[in-house]
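Q: Following this message is one structure expressed as structure tokens.
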């Protein structure tokens with residue numbers, strides 16, 4: 001039975017980076033998140049594609065154990081398409097083309113069996129749609145929500161209503177600043193905590209991520225990838241790994257949440273090593289475990305006892 | 001007796017940020033680093049100021065136990081002056097004026113008693129001058145070196161000679177990329193390790209810092225400052241705290257190096273809370289210890305044992 005419901009885009013992406021390019025490759029927030037979650041739990045996708053969506057992508061997702069009962073296929077329409085180019089640093093990117101296609105009229109409808117599932121990821125779509133999903137579910141144990149600058153600019157009121165109904169907001173540092181109007185990330189996190197969620201996850205790209213809650217902050221670095229190829233989907237992969245791990249371990253205590261961040265970071269590091277979902281589809285448990293161990297080794301230190309003080 | 005020799009600028013800074021401004025305030029890499037180190041060790045500054053350098057700054061440094069035998073005072077010349085403005089995010093800054101003044105003809109001369117001291121910090125000055133310092137010292141236990149984009153562009157050959165003679169290079173992420181020509185920080189660190197230093201410290205500003213060595217990488221977050229006022233000198237403060245702590249604990253093993261990074265990060269967090277050295281001059285041991293404890297709490301997690309794998 002599905003334990004992590006993931007709502008978001010399933011897309012075809014054309015991506016160009018200094019390290020190569022792909023044309024109409026499998027992409028979308030729900031795609032990355034569900035593949036990442038699939039290593040630990042049973043994810044189900046709620047989204048929409050067009051008649052042009054290649055069958056091989058359906059097969060790939062099914063093979064990973066992703067449930068697609070909630071994936072609508074509109075035969076006479078086209079799949080959401082995004083074309084973008086990244087600069088040498090892989091941080092700055094330019095959107096060259098966005099074709100909403102089937103997404104223009106998309107309204108998420110959860111299969112009946114998804115409505116009482118314990119974990120819900122609201123991927124980055126219009127906050128109106130994210131609210132519609134919340135109206136269909138029966139008190140999940142944990143609701144994680146992503147968003148983006150577009151909705152902060154165009155639908156701030158809705159977004160603020162949404163914030164009151166989610167448990168974890170998962171955004172990058174610039175989105176946190178923009179949404180809160182605060183100049184520093186810690187101040188932004190404080191503002192966002194007051195707006196509803198009990199936890200704020202700040203994604204910092206190659207620098208790692210931080211968790212803010214009433215208990216203070218917690219941080220982990222990104223796993224150091226020598227030759228990142230394409231950062232597309234890294235944040236969604238992180239969120240999928242995070243929720244998938246929590247679903248598998250069954251606990252929501254602080255130590256488990258911290259471990260889930262580490263798992264998310266490890267999964268994201270695999271994502272950026274290849275284009276599209278190439279590096280994500282065939283992971284071995286030993287690969288993921290090795291990166292989690294390495295992140296543990298890279299962060300643990302002995303408490304400091306100051307001997308003298310001048 | 002001095003145990004940390006710090007070579008670098010002692011300056012007057014006019015700084016404007018969205019949170020306020022100061023005119024001709026005490027600044028300079030050696031100033032920040034020596035004040036930070038003074039809480040743990042006995043730092044000595046090698047630098048130069050002009051006759052216009054206010055006596056109160058000399059007094060402030062002396063009061064913190066900073067040895068000034070190596071601080072040259074050129075009565076008929078002016079102190080190095082920098083004017084800059086920071087944007088709202090406090091990351092982007094514009095240099096509005098730089099007057100080298102006494103620094104134009106500066107050639108560092110170490111007092112005889114400094115030449116056999118165990119710890120040396122080569123603050124960001126022309127790499128020719130940094131080499132001249134190395135010619136005067138007798139095998140320090142640890143040489144840490146900073147640099148900047150200006151020297152990477154103007155004196156790359158000298159910089160590469162310098163890299164072969166230092167133990168730790170301490171630069172920010174964009175400098176590491178520029179110096180190595182590598183697009184990712186991990187690749188840049190690998191390149192830099194092959195160029196000489198046994199350790200590379202990458203400063204990531206508000207995101208923290210990472211250490212790269214043959215033993216792999218290690219990372220700590222920045223202490224989350226709610227209302228940063230002025231980031232000037234944070235990197236120098238970090239380096240001074242790092243070296244000061246190492247001098248006080250007397251060990252250079254990996255656990256001590258990691259703790260020293262934490263101390264550096266804690267000191268840097270105080271630096272950014274005020275303008276100039278305002279927040280750095282009057283720290284209590286309990287303040288610093290509390291931030292180090294908080295950084296410990298914010299990074300320690302239990303090793304992950306994967307229960308199931310789908």
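Values in this text are rule-based calculations from the coordinates and carry no lab data. Since we're looking at a predicted model, the values are computed, not measured. Cβ coordinates were reconstructed from backbone atoms using ideal geometry, including for glycine residues, and neighbour counts include every protein chain displayed.
Q: Put a dot 7 Å past each Cα toward the Cβ at residue A:252 and residue B:214; how far apart are the dots in nm?
A: The answer from the label model is 4.9 nm.
Q: Quick one: compute the contact order of the stretch A:32-177, relative version, from alpha carbon pairs under 8 angstrom and 6+ residues apart, as a percent. Each step should come with its number before you reach the end.
A: Values: 212 pairs, mean separation 24.0, N = 146.
Relative contact order of the stretch A:32-177: 16 percent.
Q: Given a Förster distance of 45 angstrom, what is the FRET efficiency for residue A:139 paired with residue B:160, based on the Cβ-Cβ distance and rounded to 0.05? Don't skip to the answer; put the middle values down first.
A: Working: r = 62 Å, r/R0 = 1.37.
The value I calculate is 0.15.
Q: Now a separate question. Alpha carbon centre of the stretch A:254-310 versus the stretch A:45-67: separation in Å?
A: The stretch A:254-310 and the stretch A:45-67 have Cα centres spaced 29 Å from each other.
Q: Relative contact order for chain B: what percent, with Cα pairs under 8 Å and sequence separation of 6 or more?
A: Numbers: 657 pairs, mean separation 54.2, N = 310.
Taking the mean separation of contacting Cα pairs over the length of chain B, I get 17 percent.
Q: When you look at the Cβ of every residue in B:224-232, what mean number of other chain Cβ atoms sits within 10 Å?
A: Mean inter-chain Cβ contacts per residue within 10 Å come to 4.
Q: Here's something else I'd like to know. Using a label point 7 angstrom from Cα along Cα-to-C-beta, what distances in nm, from shortest up, separate residue B:158 from the other copies?
A: 5.9
Q: State whether the stretch B:102-166 is rounded, prolate or oblate according to the following rule on the C-alpha gyration tensor (a ≥ b ≥ c being the square roots of its eigenvalues): a/c under 1.5 gives rounded; otherwise a/b larger than b/c gives prolate, and the remaining case gives oblate.
A: Oblate, because a/c is 1.5 or more while a/b does not exceed b/c.
Q: Taking 45 Å as R0, compute the FRET efficiency from the Cβ-Cβ separation of residue B:174 and residue A:74 and round it to 0.05.
A: 0.50
Q: Would you look at the GNM of chain B, springs on alpha carbons closer than 10 Å, and say which of B:268, B:37, B:189 moves the most?
A: Sorting by GNM fluctuation, first place goes to B:189.
Q: A further question follows. How far is residue A:20 from the same spot in each other copy, in nm, shortest first, if each label point sits 7 Å from Cα toward Cβ?
A: Its label point is 5.3 nm from the equivalent points in the other copies.
Q: Let me check against my output: what whole-number percent is the relative contact order of the stretch B:39-112, with C-alpha pairs under 8 Å and at least 6 apart?
A: Value for the stretch B:39-112: 33 percent.
Q: Moving on. When a/c is below 1.5 the answer is rounded, else prolate if a/b is larger than b/c, else oblate, so apply that to the stretch A:173-218 with a ≥ b ≥ c taken from the square roots of the Cα gyration tensor eigenvalues.
A: oblate
Q: Please arrange A:103, B:242 by counting, for each residue, the other beta carbons lying within 10 Å of its beta carbon, fewest first.
A: Ordered from fewest to most neighbouring Cβ atoms within 10 Å, A:103, B:242 come out as A:103, B:242.
Q: Separate question: From other protein chains only, count the Cβ atoms within 10 Å of every residue's Cβ in A:54-67, then give the mean.
A: Other-chain Cβ atoms within 10 Å of each residue's Cβ, averaged: 0.
Q: Ok, one more. Restricting to the stretch A:39-150, compute how many DSSP beta bridges are antiparallel as a %, nearest 5.
A: Details: 6 of 16 bridges.
The antiparallel proportion sits near 40 percent.
Q: Can you sort A:246, A:61 by how many other beta carbons sit within 10 Å, fewest first? Walk me through the numbers on the way to the answer.
A: Working: A:246 28, A:61 24.
Taking fewest neighbouring Cβ atoms as first place, the list is A:61, A:246.
Q: Figure the gain on full extension for residue A:150 and residue A:195 (residue separation times 0.36 nm, minus the Cα-Cα span) and round it to one decimal in nm.
A: 14.3 nm
Q: For A:1, A:148, what ranking results if the residue with the fewest other Cβ atoms within 10 Å of its Cβ goes first?
A: By the 10 Å Cβ count, ascending: A:1, A:148.
Q: Let me ask something else. Which Cβ of chain B lies nearest the axis of the rotation superposing B onto A, and at what whole-Å distance?
A: Nearest residue, distance rounded to whole Å: B:207, 2.
Q: Suppose R0 equals 25 Å. What FRET efficiency, 1/(1 + (r/R0)^6) with r the Cβ-Cβ distance, do residue B:56 and residue B:97 give to the nearest 0.05?
A: So, using R0 = 25 Å, E works out to roughly 0.65.
Q: Turning to a different aspect of this structure: State whether the stretch B:25-176 is rounded, prolate or oblate according to the following rule on the C-alpha gyration tensor (a ≥ b ≥ c being the square roots of its eigenvalues): a/c under 1.5 gives rounded; otherwise a/b larger than b/c gives prolate, and the remaining case gives oblate.
A: The shape class here is rounded.
Q: List, shortest first and in nm to one decimal, how far the label point of residue A:139 (7 Å from Cα along Cα→Cβ) is from its counterparts in the other copies.
A: Here the equivalent label points are 7.2 nm apart from this one.
Q: Only Cα pairs within less than 10 Å get springs; with that Gaussian network setup on chain B, which residue of B:243, B:252, B:179 has the largest fluctuation?
A: B:252
Q: Now for a separate question. Summing -39500 (n - 2.57) over the DSSP H runs of n ≥ 4 in chain A and dividing by its residue number, what mean residue ellipticity at 222 nm do you reach, to the nearest 500 deg cm²/dmol?
A: Only helices count here, giving -10000 deg cm²/dmol.
Q: Taking the alpha-carbon centroid of each part, what is the distance from the stretch B:71-92 to the stretch B:204-246 in angstrom?
A: 22
Q: Out of B:89, B:124, B:101, any idea which swings most in a Gaussian network model of chain B, alpha carbons joined below 10 Å?
A: Comparing B:89, B:124, B:101 in a Gaussian network model of chain B, the most mobile one is B:89.
Q: Could I ask something else about it? Cα centroid distance between the stretch A:107-157 and the stretch B:148-178, in Å?
A: Result: 48 Å between the Cα centres.
Q: Can you tell me the 0 to 90 degree angle between the C-alpha axis of helix A:185-194 and the longest principal axis of chain A, rounded to 10?
A: Long axis of A:185-194 versus the principal axis of chain A: about 70 degrees.
Q: As I understand it, the value is the acute angle between the Cα axis of helix A:254-271 and the longest principal axis of the Cα atoms of chain A; what does it come to in degrees, rounded to 10?
A: Computed tilt is about 60 degrees.
Q: May I ask for the angle, rounded to the nearest 10°, between helix B:285-297 and the longest principal axis of chain B, with both axes built from Cα atoms and the value confined to 0 to 90°?
A: 30
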